[in-house]
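Below is one structure, written out as structure tokens; comments come after it.
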Amino acid sequence: MKKISKNELLSIFGTVGYATYYGDLCDGIDCFKFRPQIGAGALLRTNYLGKRLNIRGDVRFFKLYSDDYYKYRNLNFRSTNWEFILSGQFDFYPYEKMMRRRPRINPYIYAGIGLMTFDPWGQFPDGKWHQLRQLETEHTKYGNVAFLYTAGFGLKFRYSYKWSFMVEGGYRYTTTDHIDDVSIQDYPDASSFNNSIAGQMSNKSTNFPYNGSDAQTPQDYRGNPKNKDGYFIFSAGVVYHFTKNHKPKFKGNDQLLRK
């Protein structure tokens, strides 16, 4: 099998799409509340890994939000975030320098690890938004960076010798339960807060009338500490392949002799 030349080792890509949060404030399909995201990255091919396995790096800016699925609890959040991911990508069909040997559609899967930043803000009853991490609404200190691991699936569509299109989707499993600032089960006592804003943002259920017909309304707990928060990323984008000598070396009928 012909080796990959040094002129073909790198591809870069840019993507746009949507991000959607999954955590304490939503349930099932209600979690799919899309916010924009934009990303960029690079793929590195090596002869050590073969023509199917690539080393991949991603950087992405995205937003998340959710209103509370449980209306009486009345919590919400929004957050502006970054992620930085290093992963391996396995293409179902091997990379080929010759255009005519490349499939029109090449499925792939990827998996990796990375870091994400998060900064939850909550909405006060007067409509203003307040940064939540500094308020310590659960008397818990936490940072704004979390470790993540991810897996996903995508499709690459051949367009020209140097250009392809891509669509993909993946889930980010994180090591934090505070993307939404909600984790502990029991509400802290209102008298335990020195900051009145922190006390009101910790328990906003008194600001919303309880409807006894609301299914599965959590009147007695704030969050679920057993499950970490996560999010989905859905993207579409373009890929540019760095390569050289892409013009055919044969002319006229000699092209028919190519293998």
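The values are calculated or read from the model by the stated rules, or taken from the named source; none is laboratory data. The shown structure was predicted, so the numbers you read here are calculated from the model rather than taken from an experiment. With ideal geometry, Cβ positions are generated from the backbone for all residues, glycine too; neighbour counts draw on all protein chains shown. When the accessible area is computed, the model is the full protein with side chains, heavy atoms only, and any ligands, DNA or RNA have been set aside. Shrake-Rupley method; radii C 1.70, N 1.55, O 1.52, S 1.80 Å.
Close amide H contacts of residue 37 (hydrogens built in the peptide plane, cut-off under 5 Å, sequence separation of 5 or more or a different chain): 17, 18, 19.
For residue 29 and residue 128, what is the calculated FRET efficiency with R₀ set at 35 Å and r taken between the beta-carbons, to the nearest 0.05? Once the sixth-power term is evaluated, E becomes 0.70. Shown for region 27-111: the carbon plus sulfur share of the solvent-accessible area, taken with all protein chains present and a 1.4 angstrom probe, equals 63%.
Across region 110-118, rounded Karplus estimates of 3J(HN,Hα) from the backbone phi angles (6.51 cos²θ - 1.76 cosθ + 1.60, θ = phi - 60°) give 9, 8, x, 10, x, 10, 9, 9, 8 Hz, Gly and Pro being marked x.
For residue 111, the shell of other residues with beta-carbons less than 13 Å away shows a net charge of 0, using +1 for Lys and Arg and -1 for Asp and Glu. Between residue 196 and residue 173, the C-beta separation translates, for a Förster distance of 30 Å, into a calculated FRET efficiency of about 0.25.
Protection proxy ranking, highest mean first, for peptides 126-134, 75-83: 75-83, 126-134, where packing is the per-residue count of other beta-carbon atoms within 10 Å, averaged. Residue separation of residue 119 and residue 160 scaled by 0.36 nm, minus their Cα-Cα distance, works out to 10.7 nm of gained length.
Label reach from residue 96 (point 7 Å along Cα→C-beta): in region 143-169, amide nitrogens under 13 Å belong to 158. Annotation: peptides 137-149, 26-38, ranked by per-residue average of other Cβ atoms within 10 Å with the highest first, follow the order 137-149, 26-38. The residues of region 1-156 have, on average, 51 Å² of accessible surface per residue, using a 1.4 Å probe with all protein chains present. Here the contact order of region 45-92, divided by its residue count and restricted to Cα pairs under 8 Å and six or more residues apart, works out to 46 percent. Too long at a 26 Å Cα-Cα cut-off: which of 141/228; 128/226; 63/162; 51/228; 156/228; 33/228? Exceeds cut-off: 128/226; 63/162; 51/228; 156/228.
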